[in-house]
Every structure is written in C-alpha cells, then in structure tokens.
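Data block below; observations after.
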C-alpha cells in the first residue's frame with residue numbers, strides 16, 4: 001500500500017439519528033448526501049420526519065436559530081444529533097464558483113461563519129461532531145451499524161453482577177461460586193458458556209478498583225463478559241482524560257491507584273471505559289441491563305440525555321450521609337414484559353419491582369456482592385467482609 005495514501009475518515013451511523021450538514025454553499029454537502037444516503041433519507045426543507053429512523057438535513061445551517069430548532073425537535077424525539085461540518089477553504093470555494101453563481105463576498109461571509117460555528121457545536125447539544133476538509137469529504141467511509149448496546153442476538157445465558165465498587169476479593173469469590181474457571185494462563189471461562197454482565201460502577205469505594213478493572217477487561221477480551229457504564233466509571237474516565245472532577249464519593253481511592261499505575265495502564269483503562277455502552281439490549285429484546293434506569297422509548301437510541309438517564313436515573317445527583325445516591329424510584333412506574341436488571345441503588349438484598357430487578361447489594365459497605373442468573377432468575381451472592 002502506498003504510505004502516502006490517507007486513510008478514510010469513518011463516520012458510524014445508527015438508527016434514530018439526525019444528521020445536520022453544515023457549511024458554505026459549494027462546500028459539497030448535497031454531493032455528500034447524494035453519495036452516501038438514499039433520497040428518502042435526505043430532508044432539505046427544514047421539516048424532518050421523525051417517522052424515519054435516519055434523516056439527513058441538507059442545508060447551510062450556519063444560523064444558530066435554525067440549528068436550535070432542529071436540535072430541539074430531535075431532542076424531543078430522542079434522536080442522536082450529529083453535525084457534519086464541511087470545512088472547505090475559501091480558495092477552494094472560489095474555485096468551485098467558476099460559473100459566478102454566488103458573489104465572492106457572499107462566499108467569504110459563509111466561509112467565516114463556518115469557522116465561527118465549528119468550534120461551538122458540542123456546546124449547542126450535538127452528540128457528535130465531524131469536521132471534514134475538502135479532501136476528507138471525498139474520502140469518507142460511512143459505516144451503518146447499531147451501537148454496542150445492541151446485543152439482541154446474544155441470548156446468554158447470563159450472570160448479571162451488581163455494582164462491584166472495587167471489591168476485588170468479593171468479585172473473585174462470586175465468579176468462582178457462579179462456576180467460572182481459570183485456564184492454565186489464568187483466563188476465566190464458564191464450562192456452560194455463560195457470560196458475566198456487569199451493571200457498572202465497578203470502581204471506587206473499595207480498595208482494589210485497578211484489579212477489578214483488569215479482571216473485567218480480560219474477561220471481556222476473552223468473550224466471557226459484558227459491561228455497561230456506571231456513573232462512577234464515567235467519572236473515572238473524565239478524571240483520566242484530565243477533566244475537572246470532584247475527587248470524592250469513593251473516587252479518591254481509585255485516583256490513588258491510578259496515580260500509582262503507569263501511563264500505558266491508565267490509557268488502556270480509559271480506552272476500555274470509552275467503549276462501554278450506557279445499556280445492553282439482550283436476548284432478542286427480552287432483557288435490558290443498565291446501571292441506573294431506562295425507559296422503553298430509549299431502546300435502539302443513544303443520545304447524551306439517554307446516557308445521562310441510564311447512568312444516573314431521574315435524580316438530582318445528591319448523596320445521603322452514607323454516600324448513597326439520592327434518587328427517585330423509576331422502577332415503580334415501569335410497566336412492560338421486558339425484564340430490566342439494574343444497579344446503582346444500594347439495598348440489602350436483590351429486589352424485584354414489577355419486571356425490574358435491582359442487584360446492587362452494597363458490597364463496598366460490607367454487605368453482599370450479588371448476581372442474578374438469567375434466564376433462571378436465581379440469585380447468587382457472597383458477603384464482603386472487608387467493610388470500609
């Protein structure tokens with residue numbers, strides 16, 4: 001392969017997404033839309049049809065008010081919002097204007113507007129922003145796939161493990177009790193091909209978050225485990241990425257471990273956490289695993305509001321005197337035949353409300369680490385004697 005050839009930029013798209021193409025006239029938006037999308041997926045009259053699972057808004061969208069209206073409608077329908085900015089140089093725009101369709105002043109104004117807009121789109125509420133120069137726009141690869149949350153073809157059987165919170169010894173005891181074995185190289189597997197599914201919050205509070213992460217990362221790599229992101233895991237990721245994070249509510253214990261680890265280990269952990277979904281949709285749609293809570297209308301979709309709800313539930317991010325999250329009980333209003341298994345809300349035992357199952361049994365506070373076996377719906381648990 002010629003080393004001078006530039007690799008194409010990959011844009012992944014999934015169902016329930018609205019693409020807003022942003023850029024000056026002659027920047028290639030319509031050509032891009034015609035090349036990569038069906039005619040019925042493209043909207044050019046600022047009137048998106050939310051009966052479609054995918055739609056592309058082809059226009060300049062350099063005006064804040066136009067983008068604001070589209071974002072408001074997309075948010076109301078729980079569509080992922082993606083911006084694709086065509087960052088074409090002014091020289092190239094003028095070259096493409098050989099027929100003098102537009103005045104040079106008009107194109108220069110739109111070029112400057114594009115430069116002004118492109119750096120603030122994330123703050124406006126877009127879930128993802130792609131910025132393409134004239135060469136990248138011609139060399140883009142569109143990859144149509146649903147997110148890693150879509151595991152409906154995976155029917156298990158599963159062992160759904162509640163919030164581990166850095167309790168490595170309890171986790172080892174529980175997976176052995178569940179029947180997982182180690183091969184000669186120390187990798188875990190289950191002789192009945194069961195799969196562990198972690199409800200998130202695998203770090204903080206306990207003293208061995210790094211070892212917990214290493215074990216889960218290895219199990220996932222071996223195809224023996226899946227995981228959803230929890231609010232503590234998401235906060236650790238932001239900490240590793242250098243964001244300003246309050247080092248409290250258990251993060252102080254994990255932060256000490258991370259600072260003692262080498263840079264390669266920290267980056268591997270950050271890369272692992274980045275790819276974790278907010279929820280998992282499993283077993284032909286009959287089972288959902290999530291950290292804090294989910295609504296039926298969220299399934300098949302992935303927006304920042306949905307991720308926020310899945311990680312925190314309908315709460316105010318407040319904590320009681322024991323450090324437990326203060327939250328409304330969303331499961332009391334749940335009314336569906338689909339089973340939902342979640343963590344986040346500590347309790348002394350696994351509990352069921354309607355068709356939801358809470359499996360966070362306050363392991364880090366000296367109670368239990370629990371697993372709900374699916375499809376048997378049987379509970380296995382171990383006591384964590386290492387109370388903080």
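Each reported figure results from applying straightforward, stated rules to the coordinates on display, with no laboratory input. Since the structure is predicted, the reported quantities are computational estimates derived from the model, not experimental observations. Every residue, glycine as well, gets a Cβ built from its backbone with ideal geometry; the counts of neighbours run over all protein chains shown.
What to note about this one:
- Inter-label distance for residue 187 and residue 143, nm, one decimal - labels placed 7 Å from Cα along Cα-to-Cβ: 2.3
- Applying 1/(1 + (r/R0)^6) with r as the Cβ-Cβ distance of residue 116 and residue 286 and R0 = 45 angstrom yields a FRET efficiency of 0.40.
- Percent RCO, i.e. relative contact order, over region 223-305, from Cα pairs under 8 Å lying at least 6 residues apart: 37
- By average C-beta atoms within 10 angstrom, highest first, the peptides 345-352, 101-108: 345-352, 101-108
- Acute angle (nearest 10 degrees) that the helix 263-274 long axis makes with the longest principal axis of the chain, alpha-carbon atoms: 80
- Packing-based ranking of 284-295, 196-207 yields 196-207, 284-295, ordered from highest to lowest mean Cβ neighbour count within 10 Å.
- The distance between label points at residue 305 and residue 30 comes to 3.3 nm (points 7 Å beyond Cα on the Cα→Cβ vector).
- Angle between the chain longest axis and helix 64-76 axis [Cα atoms, degrees, rounded to 10]: 40
- Using a Förster distance of 30 Å, the FRET efficiency for residue 383-residue 153 (Cβ separation, nearest 0.05): 0.25
- Mean separation of Cα pairs under 8 Å and 6 or more residues apart, divided by the residue count, gives the chain a relative contact order of 16 percent.
- Three-way shape label, region 10-144, alpha-carbon gyration tensor, a/c 1.5: prolate
- At R0 = 51 Å, FRET efficiency that the Cβ-Cβ distance of residue 95 and residue 262 yields, to 0.05: 0.55
- Binning the alpha carbon pair distances of region 244-307 at 5 angstrom intervals from zero yields the distribution 3, 13, 18, 16, 17, 12, 12, 7, 1, expressed in whole percent.
- Each peptide in 357-365, 63-71, 211-219 gets a packing score, the mean of other Cβ atoms within 10 Å over its residues, and the list from highest to lowest is 357-365, 211-219, 63-71.
- Computed over the chain, the convex hull of the alpha-carbon atoms projects to a mean area of 22.7 nm².
- 0 to 90° range, to nearest 10: angle between helix 209-221 axis and the chain longest Cα axis: 70
- Gyration tensor (alpha-carbon) shape descriptor, region 74-189, a/c threshold 1.5: prolate
- Convex hull volume per residue in cubic angstrom - Cα atoms of region 144-189: 144
- Spacing of the modelled spin labels on residue 106 and residue 222, each 7 Å from Cα toward Cβ, amounts to 6.5 nm.
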